[in-house]
Amino acid sequence: MITLALFGTSADPPTKAHEEIVSWLSQEFDAVAIWASDNPFKSHQTPLSHRSQMLQLLMEDPENPRDNLYFDAELSQPRTLETVRIARQKWPEAELYLVIGSDLIPQLPRWYQVEELLCLVNLLVVPRPGNPIHEPELDRLRELGASVAIADLHLPDVSSTAYRQTQTSQVLTPPVARYIQRENLYAYQDVS
């Protein structure tokens, strides 16, 4: 049986932190399925087509080719349970690990049919700077049927939101930065 990490992200835009997650997952799992998604809790996002393209650029590292990464736009579904069902059809023999950031732990119990979802996957929580993991929240997930692991990964304190606010290109990989410039994305707007 292979281990398969499922890593969906809004990637608006994907940062060096996303790249570190992808790199770590590629070393820890037999296969990693990646997709850009629309987060129903966020607004004013760049179109999914651009975010998907940037995420694919992030995955393509000529200095570190990884043959176990799979970009799969079909996994981009409105509900995570739908995504997992598709993954189960594509990889029926795989042990599935749903990768989430620690910032999602508090909202996870409110996800659509969460108990069914947690029966189909193992959870792998990636610690995010500024979003500590609280044991009572993990206990609540376990009560709902979750098998929870914490990734041994320490990410840089960068985020897509911070990039959109500051336009600090140091948080981006060069291919993503070039794509943003070429497509004229995230143009600064004075909202005052």
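Here are a few things to note about the model shown:
- Protein-only accessible surface at a 1.4 angstrom probe places the residues 100, 2 in the order 2, 100, largest first.
- Considering only 69, 54, 155, and ranking their Cα positions along the charge dipole of the chain that arises from unit charges at the beta-carbon of Lys, Arg, Asp and Glu, the one farthest toward the positive end is 54.
- With the alpha-carbon atoms of the range 27-139 aligned to their principal axes, the span from lowest to highest coordinate is 42, 37, 25 Å, starting with the largest.
- Diffusion coefficient, µm² s⁻¹, Stokes-Einstein with Kirkwood Rh over alpha-carbon pairs of the range 125-192 at 37 °C and 0.692 mPa s: 218 µm²/s
- The range 39-192 - charge dipole about Cα centre, Lys and Arg +1 at Cβ, Asp and Glu -1, debye rounded to 20: 460 debye
- With the convex hull drawn over the C-alpha atoms of the chain, the volume per residue is 124 Å³.
- Charge-dipole axis of the range 72-145 as Lys and Arg at +1 and Asp and Glu at -1 on Cβ define it, positive-most pick from 94, 131, 119: 131
- Taking the longest Cα principal axis of the chain as reference, the axis of helix 80-90 is set at about 80 degrees.
- Cβ-derived FRET efficiency at R0 30 Å, residue 110 paired with residue 168, nearest 0.05: 0.40
- Its Cα centre serving as origin, the range 104-179 has a Cβ charge dipole (Lys and Arg +1, Asp and Glu -1) of approximately 440 debye.
- Estimated D of the range 92-136 in µm² per second, where Rh is the Kirkwood radius over Cα pairs and Stokes-Einstein applies at 10 °C, 1.306 mPa s: 137 µm²/s
- With DNA, RNA and ligands ignored, accessible area of residue 142 (1.4 Å probe; Å², nearest 10): 100 Å²
The values are calculated or read from the model by the stated rules, or taken from the named source; none is laboratory data. Worth saying up front: this structure is predicted, and the values here are computed from it rather than measured. For neighbour counting, all protein chains shown are included, and Cβ atoms are generated from backbone atoms with ideal geometry for every residue, glycine included. Calculation scope for accessible area: heavy atoms of the full protein, side chains included, ligands and nucleic acids excluded. Shrake-Rupley method; radii C 1.70, N 1.55, O 1.52, S 1.80 Å.
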